[in-house]
Number of protein chains: 2
Amino acid sequence: MTTAAPHTGTAVGGRTLAHPEREEIRLEAVLHALSDPMRLAVVREMATSEEAELSCSAFDLPVTKSTTTHHFRVLREAGVIVQVYRGTAKLNGLRRDDLDALFPGLLDAVLDAADRQDARLGEG
Amino acid sequence: MTTAAPHTGTAVGGRTLAHPEREEIRLEAVLHALSDPMRLAVVREMATSEEAELSCSAFDLPVTKSTTTHHFRVLREAGVIVQVYRGTAKLNGLRRDDLDALFPGLLDAVLDAADRQDARLGEG
């Protein structure tokens with residue numbers, strides 16, 4: 001799923017969400033998307049999940065639904081994740097292939113940095 | 001200079017600026033600091049400069065002095081740069097040693113990503 005061009009997908013019910021194409025993804029927007037603790041946590045969970053697609057409800061975030069929706073939208077609009085509707089569910093996938101192609105090593109460096117910080121602060 | 005503990009330094013005139021110690025630096029704050037195009041440009045220039053310390057005026061930023069001051073302050077408070085007074089000049093240095101120790105490969109990945117983006121967009 002992360003390799004599919006999300007802008008070409010059509011969803012059940014006809015609803016689609018706007019995504020930047022690979023070449024439209026900007027480093028600054030990706031860094032901004034990853035700079036929020038909650039969004040970073042979401043991306044880390046996606047990166048380690050064995051599921052290619054996760055519903056928003058799979059993330060146990062201590063915030064309101066609208067805040068959750070906001071964070072996922074920021075991630076989607078930055079090109080970090082793809083969001084598609086499957087029936088009534090909105091499923092999320094990490095755009096690892098796109099990010100790795102554009103910015104080799106960046107996502108892994110951020111994920112590694114987050115792991116190290118957790119270990120250092122005793123939150124691992 | 002980038003290896004010195006900035007919080008222990010005293011400046012000519014006694015003015016010092018608040019810096020996080022190495023262990024206080026947070027990944028999220030670093031990513032946020034680097035997510036602004038102007039701040040990213042400043043960090044890239046510092047990373048490639050042969051000078052260990054650069055005055056704010058060394059950066060030809062198309063913004064007002066107060067905006068420039070703001071951006072340098074965000075970088076300093078995130079732990080990305082150290083700022084010290086030398087007489088009337090404020091000098092800036094990249095905290096590469098601190099960042100590399102905390103988050104190995106992260107700064108290099110961001111700098112490489114920025115270079116790649118510039119090359120891709122024809123702004124290299």
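Any read-out appearing in this document is the output of simple, stated calculations on the displayed coordinates, not a laboratory observation. Worth saying up front: this structure is predicted, and the values here are computed from it rather than measured. FYI the Cβ positions are ideal-geometry reconstructions off the backbone, even for glycines, and counts take in every protein chain you see.
Amide H contacts of B:Lys90 (H built 1.01 Å from N, in plane; Pro and chain starts excluded): B:Cys56 sit under 5 Å, all sequence-distant by 5 or more or on other chains.
Here r is the Cβ-Cβ distance between A:Ala101 and A:Ala58 and R0 is 25 Å; the resulting FRET efficiency, rounded to 0.05, is 0.45. If you run the Gaussian network model on chain B, springs between alpha carbon atoms under 10 Å, then out of B:Ala113, B:Ala33, B:Ala78 the most flexible one is B:Ala113. Rounded to the nearest 500, the helix-only mean residue ellipticity at 222 nm of the protein assembly as shown stands at -14000 deg cm²/dmol, with each DSSP H run of n ≥ 4 adding -39,500 (n - 2.57). Farthest towards the positive end of the charge dipole of the protein assembly as shown, among the residues A:Leu31, A:Leu17, B:Gly79, is the Cα of A:Leu17, using unit charges on the Cβ of Lys, Arg, Asp and Glu. Here B:Lys90 is the anchor, and the lysines within straight C-alpha reach of less than 19 Å, apart from those fewer than 8 places off in the same chain, are B:Lys65.
Rounded to the nearest 20 debye, the dipole magnitude of chain B is 480 debye, with +1 charges on Lys and Arg beta carbons, -1 on Asp and Glu beta carbons, and the Cα centre as origin.
For A:Ala119, what is the net charge nearby, where nearby means another residue's Cβ is under 15 Å from its Cβ and Lys, Arg count +1, Asp, Glu -1? Please list the in-between numbers first.
On the way: positive: A:Arg44, A:Arg116, A:Arg120, B:Arg26; negative: A:Asp112, A:Asp115, A:Asp118, A:Glu123, B:Glu23.
Residues near A:Ala119 contribute -1 overall.
Averaging Cα coordinates gives a centre for region B:48-72 and one for region B:17-33; these two points are 19 Å apart. Which residue, A:Val110, A:Val42, A:Val84, tops the fluctuation ranking in a GNM of chain A built on C-alpha contacts under 10 Å? Maximum fluctuation in the GNM of chain A, among the listed residues, is at A:Val110.
The label-point distance for A:Ser66 and A:Ala89, in a model that sets each label 7 Å from Cα toward Cβ, rounds to 2.6 nm.
Per-residue 3J(HN,Hα) values for region A:80-87, derived from phi via the Karplus relation 6.51 cos²θ - 1.76 cosθ + 1.60 with θ = phi - 60°, read 7, 10, 10, 10, 10, 8, 10, x Hz in sequence order (x marks Gly and Pro).
Charged side chains reduced to their Cβ positions (Lys and Arg at +1, Asp and Glu at -1) give the protein assembly as shown a dipole of some 860 debye around its Cα centre.
Indicate the gyration tensor shape class of region A:12-118 (rounded, prolate or oblate), computed on the Cα atoms with a ≥ b ≥ c the square roots of the eigenvalues: a/c under 1.5 is rounded; otherwise a/b larger than b/c is prolate and the rest oblate. Here region A:12-118 falls in the oblate category. Model label points for A:Glu123 and A:Glu77, set 7 angstrom from Cα along the Cα-to-Cβ axis, are 2.5 nm apart.
Label-to-label distance, B:Ala18 versus A:Thr48, with points set 7 angstrom from Cα along the beta-carbon direction: 3.3 nm.
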